Amino acid sequence: MTPLPAPLRWLYSLEWRRGFFDWARSDGVTWVYIFKVLLAAFLTLWLAMRLELPQPRTAMITVFIVMQPQSGQVFAKSFYRFLGTLAGSAMMVTLIALFAQNTELFLGSLAIWVGICSAGAARCRNFRAYGFVLAGYTAAMVGLPALAHPDGAFMAAVWRVLEISLGILCATVVSAAILPQTASAAMRNALYQRFGVFALFVTDDLRGRSKTESFEASNVRFIAEAVGLEGLRSVTVFEDPHMRRRNGRLSRLNSEFMGITTRFNALHQLLERLRGNDEEHVVAAIRPGLQDLAEVLDGFSGRALTSPDAARLAMALATYKEGLPARVRSLRATFQESEPSDAEQLDFHTAYELLYRFVDDLHGYAQTHASLADHRHERERWDEPFTPQTNWWAAAASGIRASFILIVLGSYWVATAWPSGATMTLIAAATVGLSAATPNPKRMAFQMACGTFLGALIGFVEMFFIFPWIDGFPLLCVMLAPVIVLGSFLTSRPQYAGVGLGLLIFFSTGSVPDNLTIYNPYTFINDYIAMVMGMLVCAAAGAIILPPNSRWLWRRLEQDLRSQVVYAISGKLKGLASSFESRTRDLLHQAYGLAAGEPKVQKSLLRWMFVVLEVGHAIIELRKEQAILPVHPAYAESQPWRQAIRVMGRALVRLFLQPNSSNLERALVAVDHAISRVAATEEPFAPHFDTSALRRVKSYLHFIRTSLLDPQSPLGAFAHAKPEGLAHAS
């Protein structure tokens, strides 16, 4: 057989194909996205011009704003953009009808409306925030030009809705029909890969191979994935009926994943405290049960978890869980031969109670994951949704900043009668809205100003030196294509997304010709100066007026984190665990993003999250345990141990609302008193952790105490003097 020539051998080589597929999964996706942006933008512009819409550029700008790499994201963003446009147009018509003869009142009312919408954008999540953004700046972008001709305000609103609808339609069709990248496929891949990473994380830690830095980094990753998957889940319902039928299970799966990470963190922290206190003999007594679980998970760590794999995992965990009580009794008998102290026995029981709960939750997660293979399943019934938590001060600051910017720029426009003052004001409204939902609005507004300045330079050359010499739509597309490619490429890079967005949107605003093109260099230059000035004012306001990445907000978010313990103590028990988990993680995710570049602040916030999750979760378990107690005098509400737990709850509320040495000491005394009351109570069941409710209660109380005394937690700074009788837990 004649060997193939060298070029053909290279073409058929495995190395070349592997490199091509690696490129296709990374940079190839970006270039497909850029191609689709180009196609959708030119299709929209052509249709808008053929239909003789007043502003074809508005339809094309809509494409740049709603276009996303995944089709589900395009559907979701388009949906909320349409709703926001309707709301903004309706408000604009109302304001014009009320204040058409009074510019000052119109601008004041518009500033209030934009402020409310900016606050809503900062408060909400995902593309819901974008609906608020559109509602705010649509009113400004339609209303300010209509002030000169209020009789045409209604038709201006109608035309804008039609232009935006055309852009949405073209972007949606192109995204879904041409090389679609679906959000549902991304979600499946994320779900399959996530558990393998977590299982590897667990097995490494159970075998003592985990380092503090990698443990914390992995937890930050799991938090970001939980928040991100909730966003993906809310998007998939727009594009995939297969995922829509599983919406409840997907929500449940995300909630259960947060639960198992919290369970495992609690076990990890307890083992670390035992190692830190040189209690290796206790750890050695616990280790055999941990090794058994690590062996169960070895077959699933570091690899994707499909639905059949999840079914196998559920069976393996069920077998392990069934044999765990007998295994614990055997290990405890061996451990007691060394005559451990009461505190050491309590550590042993607490560790295995946490392990049992972790395995139980892990088993539930595996069952839910396996159920995704079925179109209908009983686990679909889930009414504990992800509950986001945003600081009201942060949202209010965003609204105040937006209103202030519009009042200042609107007043400047009225005072100077600058012809481009309306452009400056409406562009500022758009910029402050688009940057409101970002962690750093100052940086976003400044990047958009840079992109707009670049667009002005390119636009001036094209508008006055190229467009007059070309003829026909194809040549217009050839001239616009390099700018759109550059802007789309920049938006695909997170560090330059603001520059790309500014280039695409505001190059189109000022430089893309209408059906009837007017070449006026004076107006062109004035309008671009106004645009850049408006954005720079937004950037300055983001740096000066209640900036969201400043120390005051970190303190507020830290306070909100601590307040989740209060929520765990006083919240309604139904759905409390899921809500507590999601609220706490969402707060940390926000705070971590706002504190970017401040590793000490991020580390402090992460440690607060650990202690809040540990104590809060233990409190919720205590409340659940008490809610299902059988009817018996030992469990009555009037029992001293139940009264002591209520006193402990009040002490913990004071501690987490105002952490200091005095409140920490009071809380420790209250926890110690509750443990002694539980220990002094006799119950009519065998004293094993799977049959004795009071043994489980005592384990949770002991875990709360060790969490409060953890020297690595933020509360460790207040533990100057430990109450007598508690030294064994420190």
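The values are calculated or read from the model by the stated rules, or taken from the named source; none is laboratory data. As the structure is a computational prediction, the values presented were derived from the model and not from experiment. Because the Cβ atoms are built from the backbone with ideal geometry, glycine has one as well, and the counts that use them run over all protein chains shown. When the accessible area is computed, the model is the full protein with side chains, heavy atoms only, and any ligands, DNA or RNA have been set aside. Shrake-Rupley method; radii C 1.70, N 1.55, O 1.52, S 1.80 Å.
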Candidate aspartates and glutamates for bridging to LYS600, where Cα separation is under 14 Å - those fewer than 8 sequence places away on the same chain excluded: GLU213, GLU216, GLU558
TYR522 paired with ALA343, simple spin-label distance in nm, labels 7 Å along Cα-to-beta-carbon: 8.6 nm
Between the range 468-490 and the range 355-420, the alpha-carbon center distance in angstrom: 37 Å
Full-extension gain in nm, ARG376 to ALA177, via 0.36 nm per residue minus C-alpha separation: 68.8 nm
Angle between the chain longest axis and helix 661-679 axis [Cα atoms, degrees, rounded to 10]: 50 degrees
Value of Rg/Rh across the range 510-619 [Cα atoms, Kirkwood radius]: 1.32
Per residue, in Å², the accessible surface of the range 130-237 once ligands and nucleic acids are set aside, probe 1.4 Å: 38 Å²
Extended-chain gain in nm, criterion 0.36 nm per residue less alpha-carbon gap, ARG207 and ILE466: 86.4 nm
Among 625-632, 176-183, 435-442, the order from most to least packed when residues are scored by Cβ within 10 Å on average: 435-442, 176-183, 625-632
Relative contact order computed over the range 173-250 (Cα-Cα under 8 Å; 6+ residues apart), in percent: 43 percent
Within the range 275-374: Cβ-based charge dipole about Cα centre, in debye rounded to nearest 20 (Lys, Arg +1; Asp, Glu -1): 420 debye
0 to 90° range, to nearest 10: angle between helix 71-99 axis and the chain longest Cα axis: 60 degrees
0 to 90° range, to nearest 10: angle between helix 521-544 axis and the chain longest Cα axis: 20 degrees
